[in-house]
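Reviewing the structure listed below.
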């Protein structure tokens, strides 16, 4: 399965500094992201393979900060999409291994996998629960890179709204951990 990110996609990541954006392969493994994506989602660089895969994380209890308006439909769409990817890349050993392990580790995934559910993974509004700035409701669009079998997930906020203000704040804060100042011992 292709995982090469071409120069034009790298330029998009560099140019959209005020928009959280990440690049995923066809099976939903995050390959790269910009700083605002990391600040919003908490997904830092260094996580790779299955631990960076949306399907793996969703069905193994690590959903992250993003809440979906209809979690059951979201899960169905992920599994249906993964069925399509498995048909396109039947000789990919990592993909086959991940699917095998998901079927073994998640009864919900196994049920959805065998039911051959037809569902579409589309664009929708999602809520991100951020530990510092609170709840942000954002539009989430999934774009595909023609010929590369890559997906870009892009979060945007309605201009002038509260979520837009929070994204601007996150662009300044970055991935800093906001902690209260240490308490001082009286008399010191």
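Values for this structure:
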quantity	calculated
Whichever residue in the range 141-161 is free of Cβ contacts under 8 Å to residues at least 24 places away in the same chain and under 20 Å from residue 67 (Cβ atoms) and, among such residues, is farthest from the chain's Cα centre (by Cα)	161
Any chance residue 131 is loosely packed, with under 15 Cβ neighbours inside 10 Å and over 18 Å from the mean Cα position of the chain (by Cα)	no
Residues that are touching a strand residue (DSSP E or B) at 6+ places or on another chain (Cβ under 9 Å) and either buried (at least 22 other Cβ atoms within 10 Å of the Cβ) or assigned to a helix (DSSP H, G or I) (or both), drawn from the range 1-13	8, 9, 10, 12, 13
Single condition residue 57 does not satisfy, out of (1) crowded, with 18+ Cβ neighbours inside 10 Å; (2) in contact with a strand residue (DSSP E or B) (Cβ under 8 Å, 6 or more places away or on another chain)	(2)
Test: residue in the range 66-85 that is part of a helix (DSSP H, G or I), touching a strand residue (DSSP E or B) at 6+ places or on another chain (Cβ under 8 Å) and in contact (Cβ under 8 Å) with a residue 12 or more places away in the chain	no
Matching entry among 31, 44, 102, 40 (being farther than 30 Å from residue 172 by Cβ and either in a loop (DSSP other than H, G, I, E, B) or at pLDDT 90 or above (or both))	102
Meets criteria (buried (at least 17 other Cβ atoms within 10 Å of the Cβ), without any contact (Cβ under 8 Å) to a residue 60 or more places away in the chain and not in a strand (DSSP E or B)) for residue 95	no
Odd one out for residue 16 among (1) surrounded by fewer than 21 Cβ atoms within 10 Å (Cβ to Cβ); (2) touching a strand residue (DSSP E or B) at 6+ places or on another chain (Cβ under 6 Å); (3) over 11 Å from residue 151 (Cβ atoms)	(2)
Residue that is surrounded by the most Cβ atoms within 10 Å (Cβ to Cβ), among those in the range 40-54 that are within 19 Å of residue 141 (Cβ to Cβ) and in contact (Cβ under 8 Å) with a residue 40 or more places away in the chain	40
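The values are calculated or read from the model by the stated rules, or taken from the named source; none is laboratory data. Remember, it's a predicted structure, so these values are computed and weren't measured experimentally. Heads up, the Cβs are rebuilt from the backbone with ideal geometry, glycines too, and the neighbour counts pull from every protein chain shown.
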